[in-house]
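Throughout, read-outs are computed from the coordinates displayed, never taken from laboratory work. Keep in mind that what you see is a predicted model, and the values were worked out from it rather than measured. Virtual Cβ from ideal backbone geometry, glycine too; neighbours counted across all protein chains shown.
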Amino acid sequence: MSIDINRYKCGYCGTCVGVCPKGALDLIETWVEADESNCIACGICERVCPVGAIGVMK
Ligand code: SF4
Ligand code: SF4
């Protein structure tokens, strides 16, 4: 699976980081780091992102 984060859309609010049940997302200064090996493709981050900056593909 892959997590696609649009760096131009992302406002670094951290919402996706807080909701990920696997702790696969991390906000490092102005960069959202995705650990795809932990991602279970639940799609929660995609649904909560206020600006539609995340796409999750299985
Ligand atoms: S799809 Fe689910 S497990 Fe994967 S990064 Fe998003 S919230 Fe975390
Ligand atoms: S929820 Fe969306 S805007 Fe907020 S940090 Fe995550 S990807 Fe960026």
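Worth a mention:
- Between A41 and K58, the contour length at 0.36 nm per residue exceeds the alpha carbon distance by 5.5 nm.
- Loop-resident sites, segment 1-56, for GluC sites (Glu not before Pro), counting at most 14 other Cβ within 10 Å (DSSP): E29, E36
- Contact order for the chain, expressed relative to its length and based on alpha carbon pairs under 8 Å spaced 6+ residues apart, stands at 48 percent.
- Mean projection of the Cα convex hull over all viewing directions, computed for the chain: 3.3 nm².
- Evaluated with a Cβ-only charge set (Lys, Arg +1; Asp, Glu -1), the chain carries a dipole of roughly 220 debye about its Cα centre, given to the nearest 20.
- The label-point distance for K9 and D26, in a model that sets each label 7 Å from Cα toward Cβ, rounds to 2.5 nm.
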